[in-house]
C-alpha cells in the first residue's frame, strides 16, 4: 500500500462516525419540530432529546428498514421502467382510456 493511499484513508472520516453524528443532529431536529408544532396542533406533550432519538430510530425500523444508500428498485413516475415504460408502450387508445379512468376516479373525490 502506498503512503499516499494510507494518508487519504486517515483524512476521510469513518462512515460510522458520520452516521452517529447524523443521528444526533436529526434527533435534535425531530425534537425541535415536535415541540414547536405538535403540542399546539394536536395537544400532545413535549418530548425529550432521547425520546426524539428513539422515535427517529423507531420510524427508521418501521418505515425505512435497515437498507442504506439509494433505492434499488426505482419504479416511480420518473424512475427507470415502471410507469414511464408502461406509458411509452401504450397505444393512443390505451392512453386515452387510462386518462379517462383517472378523471373519473379524481372527480369522485372532489
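Annotations
- Contour excess over end-to-end distance, with Cα ends at residue 46 and residue 32 and 0.36 nm allotted per residue: 4.1 nm
- A crude spin-label estimate for the pair residue 95 and residue 15, with each label 7 Å from Cα along the Cβ direction, gives 4.3 nm.
Bear in mind these aren't lab numbers, they're just calculated from the coordinates by the rules spelled out. These numbers were taken from a predicted model, which means no experiment stands behind them. Cβ coordinates were reconstructed from backbone atoms using ideal geometry, including for glycine residues, and neighbour counts include every protein chain displayed.
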